[in-house]
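See below for the structure under consideration.
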There are 2 protein chains.
Amino acid sequence: MSKIISSKKDFSKWYTSILTEADLVDYGLVKGTIVFKPYAWKIWTNIQKELDKELKKLGVENCCFPLMIPYSEFKKEAKHVEGFAPELFRITKIGDKELSDDLVVRPTSEISFCKYFSLNSKSYNDLPIKLNQWCNVFRVEKNTRPFLRTSEFFWQETHAIFETKKEAQQFALDFIHVYEKFLKEALCIPVIVGEKTEYERFAGASNTYTIEALMKDGQALQSGTSHFLDQNFSKNFDIKYQTKDNSFDYVYQTSHGVSTRLIGALIMTHSDDNGLVLPSKIAPYQVVVITDDVNYFNSQIKPTLDSIQDLDYKVDTSNKSLGIRIAKYEVMGVPLQFIIGRKEIEDKSVTIYNRVTKEKKNIKLEQLDKEFITSSLSDLDKTLYNNALNFLNNSIVEVDNIEEFKKAINDKKMVLAYWSGSQEDEKKLKELTQATTRCICWSKKSLENKKCFFTNKPDAKLVYFARSY
Amino acid sequence: MSKIISSKKDFSKWYTSILTEADLVDYGLVKGTIVFKPYAWKIWTNIQKELDKELKKLGVENCCFPLMIPYSEFKKEAKHVEGFAPELFRITKIGDKELSDDLVVRPTSEISFCKYFSLNSKSYNDLPIKLNQWCNVFRVEKNTRPFLRTSEFFWQETHAIFETKKEAQQFALDFIHVYEKFLKEALCIPVIVGEKTEYERFAGASNTYTIEALMKDGQALQSGTSHFLDQNFSKNFDIKYQTKDNSFDYVYQTSHGVSTRLIGALIMTHSDDNGLVLPSKIAPYQVVVITDDVNYFNSQIKPTLDSIQDLDYKVDTSNKSLGIRIAKYEVMGVPLQFIIGRKEIEDKSVTIYNRVTKEKKNIKLEQLDKEFITSSLSDLDKTLYNNALNFLNNSIVEVDNIEEFKKAINDKKMVLAYWSGSQEDEKKLKELTQATTRCICWSKKSLENKKCFFTNKPDAKLVYFARSY
């Protein structure tokens, strides 16, 4: 019997019960950390594999930087250290010996990359440099939740430097669209794309682009960010290069990242009260075959499965009842179950259970070809995406005043409203409603003569608001 | 002009010059750490990819554990903490706040895995559990050298638990042979396999198996270890399970690892005074095409290269001279260079430069098929392995007394000798000669009535000695 809590009853407990029942995580020995059990780590590995292909197309190369950064180096960029200082894990001892300069366990690696760029970009011939690392980063968090907010998490961080401001700005834009496409195509998650207000920007960035997904409980999840760092870091870290006309200039810089938080996004976008639901490109295996007859499987089905490129499948011939096994893979969100009982063997068929539509269909063996399986998986992905897109579209409410705003937020909606408030106003609104600006909308709507719904100030922009993780 | 120092003149400077000239590393901001530049990281990624396939065949699943371990937990296994205490990086502060229980940045993850096993192995049905993680680990080192000995390094650590002692011992043996085979087939490095003396064992292990490679300067490099931990950790960490007859027992445990040190082994086994030399399975690309005529390449050669599975290649059409480009990829150790100048285009051919044999051969286009390229690469790997094997075989000297021992070690040889010394004797011999026991030899030679060459004590075993990294 599955022990999954109803998501309508208690969304937070539902989430935790999915983690346990689908065997995704254990809690770590240090508060706020988690063990990625094999099934969860395979999901992350698949995300890495798929996204890494897209990064390669952007000309990004993988490398690897040390975990530890001297605190003295960290302090060189004032806004950056201010943004991270209270969240830092600090190494002050080696064995029993005190260190004279503390080491910081990286919360992000701007500093390391900056040092690298200052050594490796001597001339315009060396530019652009586009580097990425898949690594662990650390930020002390008080309220932690597995995948969504943990003190150690995993991510990719891309850092790039360019000759011109225009190139850097364009790359930051290109990157956020790659993330948008990746979430759509690999994770089946629709997102809203836009830029952060000044108040919500990354510490040290001149502009931050973001993709925002909406979870089933109406809370937004910032799912990927792309930062235009301008010359803010290059001036502090002296990243100079020789220009074409033999003078010197500072490089223009960007950085970009998505993290294991995406696993949280997957769960809270697709899963249901029966357990985890996974899109086919990210599932550890797309198909589980449940049978007691290995010979039937080997002769009738295995050749077809083996002929499909990039298909991972699992065969379960354990001595538990079919029913118990079916329930197990339901909870684990395996996209397709091939169930082969006595009846199926008799009439040379397979019963296929679709985790998303919850339909069981009996398919004759002659119909079960490569094409049938791949199109079933691709249909399943489309259904997942469309369901999530409908939910997102139905959740956006346009409001004109604070009362409408409060009602919409309390109804677990995402709000779209004209906004020209200051950072101070943003804080006030958050205190009042627990909602924050998610991003400035890139819609084509005319913004002429629009006034802020909250402050009545002119020159408002169209902005998304929501409560968020 | 390549700036590679002659290895005969100064082996250590030769090694460092290879690192720089082949663009493998920068030094990190923290002493003893390195930045893996893209070319080096790709080598490590390829090692991961190839070895991971072999681990899967052993039934090992990947997962991921937190980096930080509470010091209080670490202290539970006395020998273990004793082995690592002076090498530990300790986190004592979060922001400006002192922690009441320090955190250790993992030097290895036995403790984390033990905690996991105690939670996840309730019954004999759950056993065996075989888990692996690819991660970064940390040990403060005084004398560091990139790849060989760094304060942060990368590795895979496999940890497994079993019902019986026999299974665990067998798994530890199987594992060391998988490493041996991997080094032979993927890295083209021959090794000596055996077990460590008590003095050289892993802290907390009952037995340690090792593979030892011999570098070109006559120093041994411990290249992979497999530990039988017996019930040493399971008793301290209370890893109990319910047995078939409803009683309780402690599990039998093993652990196994190879690290980024293997990149050092690659360099010091195969490279030469012209630069890096890489075996084909591990090289970031197996083929570089040097040409100014993209059309000729696209129409005449690209289709053949694209038809070869798992082949990575690079095309260099930069505006530097052919000679400069050839020299560059020589230094970077690309296995095959396809050089296409004016002459080659005229007579429809390609000149192929083999990095290992240093031969240049002109090949007509019609000969340049898939078979030719794959067999050229496989021949190149065989040559690499055989060269290294000859070197290893020619470097082993059997000795009967300390004078012969000293002479052999000073001649940069590996020594094979009968040994039944104590830990104290082992320390003495090291002080006298700077050589250590590498492993107890598993040869079939009769050991009856053999006396120790150093102490004259009876019941000697046949043991390998060398200076080592």
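The values are calculated or read from the model by the stated rules, or taken from the named source; none is laboratory data. Note that this is a predicted model, so its numbers are computed, not measured. Heads up, the Cβs are rebuilt from the backbone with ideal geometry, glycines too, and the neighbour counts pull from every protein chain shown. Protein only, heavy atoms only, side chains kept; ligands, DNA and RNA dropped before computing areas. Shrake-Rupley method; radii C 1.70, N 1.55, O 1.52, S 1.80 Å.
Here are some notes:
- Test: residue in segment A:165-181 that is open to solvent by 20 Å² or more (accessible area, probe 1.4 Å), outside any strand (DSSP E or B) and without any contact (Cβ under 8 Å) to a residue 12 or more places away in the chain: yes
Table: residues versus (1) open to solvent by 20 Å² or more (accessible area, probe 1.4 Å); (2) within 22 Å of B:K49 (Cα to Cα); (3) touching a residue at least 60 places away in the same chain (Cβ under 8 Å).
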residue	(1), (2), (3)
B:F113	no, no, yes
B:S118	yes, no, yes
B:K122	yes, no, yes
B:N125	yes, no, no
B:K130	yes, yes, yes
B:W134	yes, yes, yes
B:E152	no, yes, yes
B:E157	no, yes, yes
B:A160	no, yes, yes
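- The residues of segment B:167-183 that are touching a Leu at 6+ places or on another chain (Cβ under 9 Å) and within 22 Å of B:L377 (Cβ to Cβ), listed by number, are B:F182, B:L183.
- In segment B:208-229, of all residues being over 15 Å from the mean Cα position of the chain (by Cα) and closer than 15 Å to B:L392 by Cβ, the one that is surrounded by the most Cβ atoms within 10 Å (Cβ to Cβ) corresponds to B:K216.
- So A:I301, is it of a type in the set (V, I, T) and open to solvent by 50 Å² or more (accessible area, probe 1.4 Å): no
- Summed over segment A:191-207, the residues that are touching a helix residue (DSSP H, G or I) at 6+ places or on another chain (Cβ under 8 Å), farther than 17 Å from A:Y469 by Cβ and open to solvent by less than 30 Å² (accessible area, probe 1.4 Å) give a count of 6.
- Filter pass, A:L311 being outside the structural domain of A:L173 (by TED's automatic domain parsing) and touching a helix residue (DSSP H, G or I) at 6+ places or on another chain (Cβ under 9 Å): yes
- Every listed requirement among (1) in contact with a strand residue (DSSP E or B) (Cβ under 8 Å, 6 or more places away or on another chain); (2) within 11 Å of chain A (Cβ to nearest Cβ); (3) at pLDDT below 95 is met by B:F153 save one, (3).
- Candidate set: segment A:136-150, residues that are away from every other protein chain (no Cβ under 13 Å) and open to solvent by 50 Å² or more (accessible area, probe 1.4 Å); chosen: the one farthest from A:V60 (Cα to Cα): A:N143
- Unmet criterion (only one of (1) under 21 Å from the mean Cα position of the chain (by Cα); (2) in a strand (DSSP E or B)) for B:A203: (2)
- Among the residues of segment B:423-438, the one identified as open to solvent by 20 Å² or more (accessible area, probe 1.4 Å) and within 25 Å of B:L173 (Cα to Cα) is B:Q423.
- Apart from one condition, A:K97 fits all of (1) modelled with pLDDT under 95; (2) at positive phi; the exception is (2).
- Members of segment B:16-33 found to be open to solvent by less than 10 Å² (accessible area, probe 1.4 Å) and out of contact with any Gly (no Cβ under 8 Å at 6 or more places or on another chain), listed by number: B:L19, B:L24, B:T33
- Count of residues meeting criterion [facing chain A (nearest Cβ under 7 Å) and either aromatic (F, W, Y) or exposed (fewer than 15 other Cβ atoms within 10 Å of the Cβ) (or both)] in segment B:81-100: 3
- Within segment A:57-75, the residues that satisfy the criterion of being more than 7 Å from every other protein chain (Cβ to nearest Cβ) and either surrounded by fewer than 15 Cβ atoms within 10 Å (Cβ to Cβ) or aromatic (F, W, Y) (or both) are A:K57, A:G59, A:Y71, A:S72, A:F74, A:K75.
Okay, residues lined up against (1) over 24 Å from the mean Cα position of the chain (by Cα); (2) closer than 19 Å to A:I192 by Cα; (3) surrounded by 20 or more Cβ atoms within 10 Å (Cβ to Cβ); (4) among the polar types (S, T, N, Q):
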| site | (1), (2), (3), (4) |
| --- | --- |
| A:I440 | no, yes, no, no |
| A:S443 | no, yes, no, yes |
| A:K450 | yes, no, no, no |
| A:F465 | no, yes, yes, no |
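- Cβ-Cβ under 7 Å pairs, at least 6 apart or on other chains, segment A:243-254 side more than 15 Å from A:H227 (Cα to Cα), far side among the β-branched types (V, I, T) and in a loop (DSSP other than H, G, I, E, B): A:D249/A:T243; A:Y250/A:I239
- When the helices (runs of 4 or more DSSP H) confined to segment A:20-87 are screened for residues that are touching a strand residue (DSSP E or B) at 6+ places or on another chain (Cβ under 9 Å), those reaching at least 2 such residues are found at A:38-57, A:71-74.
- Verdict on A:T208 being without any contact (Cβ under 8 Å) to a residue 40 or more places away in the chain and not in a helix (DSSP H, G or I): yes
- Residue count for segment A:36-48, restricted to those that are β-branched (V, I, T) and open to solvent by 10 Å² or more (accessible area, probe 1.4 Å): 1
- Residue within segment B:110-122 that is facing another protein chain (nearest Cβ under 9 Å) and among the polar types (S, T, N, Q) present: yes
- Qualifying residue in segment B:252-260 (condition: in contact with a Lys or Arg (Cβ under 8 Å, 6 or more places away or on another chain) and surrounded by fewer than 24 Cβ atoms within 10 Å (Cβ to Cβ)): no
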